[in-house]
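Notes to accompany the following structure.
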Amino acid sequence: MRVTSLLMVVSALLASGSAVLAAPHRAAPAVSPSAAGVVSIDSGRVDGKVLASGVSAYLGIPYAAPPVRDLRWRDPQPVAPWAGTYHADRFGPQCMQPLRNALANQYSGAEITSEDCLTLNVWRKPGVKKAPVIVYIYGGGFYIGSASMPLYGGEAVSRQGAVFVNLNYRVGPLGFMAHPALSAESPHKTSGNYGFLDQIAALKWVQRNIAAFGGDPDNVTIVGQSAGSMSVLTLQASPLAKGLFHRAVGMSGALLGGPVAMAGLADAEQDGLKLQEVLKAKDLAQLRAMPADRIVVPRTPNGPKIGPVQDGYLLPQPIETIFARSGQNDVPLMLGFAHDEAFGGLGPIRDLADYRAKVAERYKDRADAFLALYPATTDAEARAQARAADRDGTMAVSMNDWALAQSAHGRAPVFSYQFARAHSYAPGVTFPDLDPATAGSYHTSEVPFFLGTLDAFNQFRHTRDWTAADRAFSDAMTASLVAFARTGNPDTALLHWPRFSADTQNLLELGTTAKIVPWPDQRKFAFFRAEARPAATGGALRD
């Protein structure tokens, strides 16, 4: 055990004033080196465990001090060094968040949910030296997510020669709340974006320590999906992340153009005051003393909006402006989206009449222009066009904006994909919010193929019957990811990627087979770019 005394755990819980806090991370007494090998890092020695595949895993390594008590809503602070050897043989707690329902496909591997959650995990193949490093950032709308989810594991990627790292970062109000009092006490005179600062702290840890695990600190690739992809873009734009990574991969998420905008600091601070009112706290001191589970509650439409902030510090200017003046971290990009994903838009369509009625209601005087771009004369066409429009108007347009911005204002190349391969479901599987017969390539469906984590879906209940072809295609996608991390080009013997350009916008469609196809029509993107953009949020709280 990491903590050798149950009394120490109980005492820590009582002292915290919150029953949801886990025991602080403490090193156990030194023991004989594990088969994974003891590694010396800047905070002490760590050992890990060897998986059945022969890959070594070092799990739950603290990269920053626990952000608890007075450190709640502050920049991540350095880890206190430990004596002896830290047993990195299990995942650290996931950060405070609402729990997912029992039918969710993405389960956390952590045993505890806690504010003391700033840990990361490392997977490596024995004997690697100067290996490319892949750092994965989870999604979850900036209000849920955990590096311990089996879907985000690094065993398969490391088998192909990369050192794989993933990390926990603060989410929801504890990770992104801005507040006038927080801005006043901050040396930067800003607040919010603590989750992004956690990610930067983890990348700095990688720079200091990854060579000890066989990784090359001069060849780091950041990868993220959904909110993780939005994080990758934010890190590419932020001067605080300069020099911390050398390639970037974004999967289905970009706070650049598209359907959402980032809130400004003044507006975000007002939402922090609303949160204080909702929680009936007199001041910031009472908010810091409040049990974390009081603060982290499900999102609702009418509550305060908490999410990423254009704060003047992490992001001195809007992301669009940073790219327009070529101020981004100019690194090779691999970007893409899933064929059947969408958020908002028209929603499910019953038939042709329903399609036309919903188009008229949503787009009003622009309805005819919409129907000219997405025409339908049958019920089946109406359903297909609605799904295409919802994809184009949400994920696809924002990823296209990112690709165009880098292509126009950077020198590093861009490669792009569309994931269009449906999962192979087990017979009789049903989900409350997903019909396997019509799910297609939904949001997040490419992640297990790129990371080689197909079997994550069947760890708790059998939902997928993966075929040999699925596994071979996943191996090929993982090889492309590792090739990109190694060289900045995802080309392999099996998958040939076109380079993106504004003039000839082609992408690699990853479907039943792989083939080069054009991006959706730019006239469609122009239609959606003309819409007003609401601010992105990481969770609205109950009134």
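The values are calculated or read from the model by the stated rules, or taken from the named source; none is laboratory data. Worth saying up front: this structure is predicted, and the values here are computed from it rather than measured. A quick note on method: Cβ atoms are made from the backbone with ideal geometry, for glycine too, and the neighbour counts reach across all protein chains shown. Just the protein is used for accessible areas: all its heavy atoms, side chains included, with ligands, DNA and RNA removed. Shrake-Rupley method; radii C 1.70, N 1.55, O 1.52, S 1.80 Å.
For F415, the residues whose amide H sits under 5 Å from its own are L333, M334, L335, F500, ignoring neighbours fewer than 5 places away on the same chain, with H placed 1.01 Å from N. For the pair L99 and H409, a Förster radius of 60 Å applied to the C-beta separation gives a FRET efficiency near 0.90, rounded to the nearest 0.05.
Per-peptide packing, taken as the mean over residues of other Cβ atoms within 10 Å, places 361-370, 137-146, 376-385 in the sequence 137-146, 376-385, 361-370 from highest down. Taking the centroid of alpha carbons for each part, segment 52-92 and segment 362-431 are 39 Å apart. Extension gain for R461 to L434 (0.36 nm times residue separation, less C-alpha to C-alpha distance): 8.1 nm. Pairs from the list K130/K204; K204/K242; K49/K204; K49/K125; K242/K305; K204/K305 with a Cα-Cα gap above 21 Å: K49/K204; K242/K305; K204/K305.
Can you compute the FRET efficiency between N506 and D218 using 1/(1 + (r/R0)^6), with r the Cβ-Cβ distance and R0 = 35 Å? Round to the nearest 0.05. Computed FRET efficiency for N506 and D218: 0.70. For the chain, the alpha-carbon radius of gyration amounts to 0.95 times the rule-of-thumb value 2.2 N^0.38 Å expected for a compact globular protein.
Give me the net charge for the shell around M399: Cβ to Cβ below 12 angstrom, other residues only, Lys and Arg +1, Asp and Glu -1. Net charge in that neighbourhood comes out at -2.
Can you compute the label reach from A184? Point 7 Å from Cα along the Cβ direction, backbone N cut-off under 20 Å, restricted to segment 241-283. Counting only backbone N, you get 265-283. Across segment 481-489, coupling constants 3J(HN,Hα) worked out from phi with the 6.51/-1.76/1.60 Karplus curve, θ = phi - 60°, read 4, 5, 4, 5, 4, 6, 10, x, 9 Hz, and Gly and Pro carry x.
Of the peptides 308-319, 207-218, the ranking by mean beta-carbon count within 10 Å, highest at the top, reads 308-319, 207-218. Net length available on complete extension from A493 to D379 is 36.9 nm, with 0.36 nm assigned per residue and the Cα-Cα distance removed.
Remark: segment 336-493 carries 41 Å² of accessible area per residue (probe radius 1.4 Å; ligands, DNA and RNA excluded). Full extension of the chain segment joining Q270 with S326 gains 17.0 nm, where the gain is 0.36 nm per residue of separation less the Cα-Cα distance.
When the solvent-accessible area of the chain is split by element, carbon and sulfur atoms take up 55 percent of it, the probe being 1.4 Å.
Ligands, DNA and RNA excluded, the heavy atoms of T512 present near 120 Å² of accessible surface to a 1.4 Å solvent probe. For q = 0.10, 0.13, 0.18 Å⁻¹, what log10 I(q)/I(0) does segment 388-537 give under the Debye formula with an equal point scatterer on each alpha carbon and no solvent? Results for segment 388-537 at q = 0.10, 0.13, 0.18 Å⁻¹ read -0.42, -0.70, -1.18. Panel values: segment 166-216, Kirkwood radius from alpha carbon pairs, Stokes-Einstein at 4 °C and 1.567 mPa s, translational diffusion coefficient 105 µm²/s.
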